[in-house]
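Taken together, the values in this text are just the output of simple stated rules run on the coordinates, not laboratory data. Quick caveat: nothing in here was measured; it's all calculated off a predicted structure. So basically every Cβ, Gly included, is an ideal-geometry build from the backbone, and we count neighbours across all protein chains shown.
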């Protein structure tokens, strides 16, 4: 099964890299930056994995529920 | 007191911890590779600093699945003393031994410098040789040391007196300027409710020799030793 996992910092959690990138956009001469949040995208291809197993991987390894949310998208 | 210093791929303060521990009369110390499955015979376990598994995914996230971690859980349940320093603190949080987590420093800088800590609790096996409010000067060296937890967790940490160390200025004031990484509530180190597991970002093992700039780290190990001796008697 192929899946794409998107992991994002939770809204309430400080994202210093996002803040720094927002400032860089301003330096690029583009104003009006409201928010930049940096997460990560992970592609998985696991033979015979069930959806529940994929969620387990997301929950227990790929994301930290204290600071991040994940979104699991089944590709095929 | 027999101490195990866990070695993960990418640990780099393991030998510093070993040398520091062995400078105490009454402490023996041995490295234990992360593939080992038993911590029998050890009274205390140190998770040293470094970059376990290259900090891939998140700091400490992959070390959590090392075989030795099952033995660590057992040791924790038996009430053995467990001390996580820097990356060791990150691993303890990721593995659920301690609440909250450590994220990128607020200003994004890797901070490598001396900091001052205020001892908030001295009735623990790791701080019983300190006086309440005592200031300790220790070194930090980290890029991801910003302690973060939700409001409920922070409240519980306060309520159960689990915050052991906070960053402060040389007057003991908890200022923003004295906080090197943006940690919530200036938190530098915490313990679990049972008080046998501690994690902190600063390095007590790097402050055990006057020749190397200070000996305030010795308070932590002397406290552990004293607590262990108390249990033995």
Out of all the residues in the stretch B:187-217, which are in contact (Cβ under 8 Å) with a residue 40 or more places away in the chain and assigned to a helix (DSSP H, G or I)? B:204, B:205, B:206
Would you kindly identify the strands (runs of 3 or more DSSP E) lying entirely within the stretch B:75-169 that contain at least 1 residues that are within 14 Å of chain A (Cβ to nearest Cβ) and crowded, with 21+ Cβ neighbours inside 10 Å? B:101-103, B:135-142, B:146-148
Which one is nearest to the chain's Cα centre (by Cα) among residues in the stretch A:55-76 that are assigned to a loop (DSSP other than H, G, I, E, B) and more than 13 Å from chain B (Cβ to nearest Cβ)? A:75
Among (1) free of Cβ contacts under 8 Å to residues at least 40 places away in the same chain; (2) exposed (fewer than 15 other Cβ atoms within 10 Å of the Cβ); (3) more than 27 Å from residue B:180 (Cβ to Cβ), the one test that residue A:73 misses: (1)
Taking residue A:7, is it crowded, with 17+ Cβ neighbours inside 10 Å and not in a loop (DSSP other than H, G, I, E, B)? yes
